[in-house]
Amino acid sequence: MPASDPVILVPRPAERSGALLRALRNAGYDPDVVPMIRIEPAQDPDLIIDLVGALAGGRFDWVAVTSASAVKPLLAAAADLGLEFADALGATRVAAVGAATAAALRAAGVKVDLVATTSSTEGLLADWPAADPQASHPPRVLLPHGNLATPVLADGLRARGWAVRTVVAYRTTPVPPPPRVVASWQRREYAGVVLTSSSVARQLVATLGRPPAGMRVCCIGQTTAATARELGLTVTVATDPSPRGLVEALRARPDQR
């Protein structure tokens, strides 16, 4: 009887995982898709609408988008104003935390002016242009983010002389895994797990505990990897945040990327 394919836990919604699931199956893995977080609307959507209206009025110089999850509420807010988000931007420049966020923006017709070399808020801050010291007022940045976002980017930009307006554009809430997943985890039936955000990493450890010895823990980028290491996990990190990169990371030696 042939050995079964190694089972990889993918703790994210199936509708957002199609390309990753295909890449895993093509590489000989058996992905088990189990969402552990849910993206929900912000508690004050009217505030987002007001700020997109301010964008349309030319009151911001930049928008910094630090997650693909922030794109949908921005588009919805513009639609409530009878606008396409790309049109609401006008001359406002747009920064994206990484390739996935940039792709979500471009799919909505948005020109992306800056993509972080390293896909993290720290990487975006490192790549951020200097403020014009001759400007008549501090340059203004709109920073839509999730409820669990760290203040790294906002604080860093303020320290450099930028005027930053933050707004919670979406909320991340936990989803408890079903009993069968808990049982499989405890029986060490998973060969690996793919972590695609810091919130997923935290929820995984909070609900299932640390992975047993020998299980591969693959992270989509350095921000997720840093969180996973803080939680005591040994990880591999994708060289690029793509399905191919994640599959390669599963095969790499732990903490070698």
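The values are calculated or read from the model by the stated rules, or taken from the named source; none is laboratory data. Here the structure is a predicted model, which is why all the values come from computation and not from measurement. Neighbour counts are summed over all protein chains in view; Cβ atoms, including those assigned to glycine, are modelled from backbone coordinates with ideal geometry. Each accessible area value is taken on the protein alone, full model and side chains, heavy atoms only, with ligands, DNA and RNA left out. Shrake-Rupley method; radii C 1.70, N 1.55, O 1.52, S 1.80 Å.
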Counting only residues 5 or more places away or on other chains, whose amide H sits under 5 Å from the amide H of R93 once H atoms are built in the peptide plane? W62, V63
Of A100, A126, A135, the one that fluctuates the most in a GNM where the chain has Cα springs shorter than 10 Å: A135
Tell me, what HN-Hα J-couplings in whole Hz come from the Karplus equation 6.51 cos²θ - 1.76 cosθ + 1.60 at θ = phi - 60° for each residue of region 80-91, using x for Gly and Pro? 5, 8, x, 10, 7, 4, 4, 6, 5, 5, x, 8
Who wins for biggest fluctuation among R160, R210, R16 in a Gaussian network model of the chain, springs between alpha carbons below 10 Å? R16
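Using Cα-Cα distances under 8 Å and only pairs 6 or more residues apart, what relative contact order does the chain have, in percent? Present the calculation step by step, with values, prior to reporting the outcome.
Working: 487 pairs, mean separation 50.4, N = 257.
Relative contact order, the chain: 20 percent.
What percentage of the solvent-accessible surface of region 33-132, computed with a 1.4 Å probe over protein heavy atoms, is contributed by carbon and sulfur atoms?
Values: 2360 of 4560 Å².
With neighbouring chains kept in place, the figure for region 33-132 is 52 percent.
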Would you mind computing, in nm to one decimal, how far apart the modelled labels at S4 and A183 are, each placed 7 Å from Cα along Cα→Cβ? 1.2 nm
What are the ³J(HN,Hα) values, in whole Hz, obtained from phi via the Karplus relation 6.51 cos²θ - 1.76 cosθ + 1.60 with θ = phi - 60°, for each residue of region 95-108 in sequence order, with x given for Gly and Pro? 10, 10, 6, x, 5, 5, 5, 4, 5, 5, 5, 5, 4, 8
Which of A99, A14, A213 moves the most in a Gaussian network model of the chain with Cα springs under 10 Å? A213
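If you take every DSSP beta bridge whose two residues both sit in the chain, what share of them, in percent to the nearest 5, is antiparallel? Walk me through the numbers on the way to the answer.
Working: 5 of 32 bridges.
Taking every DSSP beta bridge with both residues in the chain, the antiparallel ones total about 15 percent.
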D30's amide H: which non-local residues (gap 5+, or another chain) put their own amide H closer than 5 Å, with H modeled 1.01 Å from N in plane and none for Pro or chain starts? V7, I8
